[in-house]
Amino acid sequence: MRVDRQPRCRCRVGPGRFEVRARIERFAEPAVLLLLAEGRSHGYQLAEDLEELLDEGRVDFGNLYRLLRALEEEGLVASTWSEEAPGPQKRVYELTGEGAALLDAWAASLRARSERIGALLGRYEALEDPVHPRGGGIRQGSNRSDDQGGEP
């Protein structure tokens, strides 16, 4: 059975109306690396902090632990069992030197992407639009080639 799926980044919600989620694939990886650069942490705390950082709802613990395991296998994070916190032993994760280097690479890539996004938004804001005279995009349903400055 074939299931037609909408693209993950956008969907049509009505005539001329769209819901867009500007998503960065694999954004959980640099987020986890950043949280571990801020200090050692266990899985439940990472999940709570990720929910705030990613703003995408509840974190799937299975996916988080798979990511942590993969990062550990690559030598990017290290873990130990800790009895410091109350309750049962918890595996505590920390960033390695290799992980810090990867976080640096993620930051450089995200910074470059941010500059491109800023340039795109700057051009969008500069569009001439009689409906939004201070910029802010083209009006809904207009055809820019037909928009010669005459009467609507």
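What follows draws every value from the coordinates through simple rules; no lab data is involved. In this text, all values refer to a predicted model and were calculated from it rather than measured experimentally. With ideal geometry, Cβ positions are generated from the backbone for all residues, glycine too; neighbour counts draw on all protein chains shown.
Here are the numbers for this structure:
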quantity	calculated
Charge dipole (debye, nearest 20) of the range 22-138; +1 at Cβ of Lys and Arg, -1 at Cβ of Asp and Glu	260 debye
Two-decimal Rg/Rh across the range 22-138, once Rg and the Kirkwood Rh are taken from alpha-carbon atoms	1.16
Positive-end residue, the range 22-138 charge dipole about Cα centroid, Cβ charges, pick of Ala31, Ser41, Gln89	Ala31
